[in-house]
Structures are given as structure tokens and as C-alpha cells.
Amino acid sequence: MIYGQNPLRVADGKRYRYLGCFYPEGYTSDDENVFLGPKQIEKVYHLGYKKK
């Protein structure tokens, strides 16, 4: 599940496009964060809520 954009990963000093966590657990700790780029996302299941 993606829950952040443009995060800085302190361990390697790199900026990534997205910050995610495992679903359905959600955020549990900083050690469980997943840093992703657009090429690592194969399928989008839900875009979240949008204003009409």
C-alpha cells in the first residue's frame, strides 16, 4: 500500500518516488517501510478517494 510520495531514505541518502507498507497490516515500524520507484509497481488496484 502506497502512503507517501518523494520520501528520503536515510540509510542510503536516496530519494524515492513512493513510500509503501505491507497490506493489510499497514504501517508497523520504520524497519518495515518499502521504498519504490515507478518501474517497481506492476498494477494499481485502487487510487484512493478523489474529489468530484
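No value in this document is a laboratory result; all are computed from the given coordinates. All values reported here derive from a predicted model rather than from experimental measurement. Every residue, glycine among them, receives a Cβ derived from its backbone with ideal geometry; neighbour counts consider all protein chains shown.
Relative contact order of the chain: 28 percent, from C-alpha pairs under 8 Å at least 6 residues apart in sequence.
Amide hydrogen proximity for residue 3: with H placed 1.01 Å from N in the peptide plane, the residues at 5 or more positions away or on another chain lying under 5 Å are 19, 20, 21. The modelled label-to-label distance for the pair residue 45/residue 9, using points 7 Å beyond Cα in the direction of Cβ, is 2.3 nm.
Look at the Cα gyration tensor of the chain: its axes a ≥ b ≥ c give a/c of at least 1.5 with a/b over b/c, and that counts as prolate.
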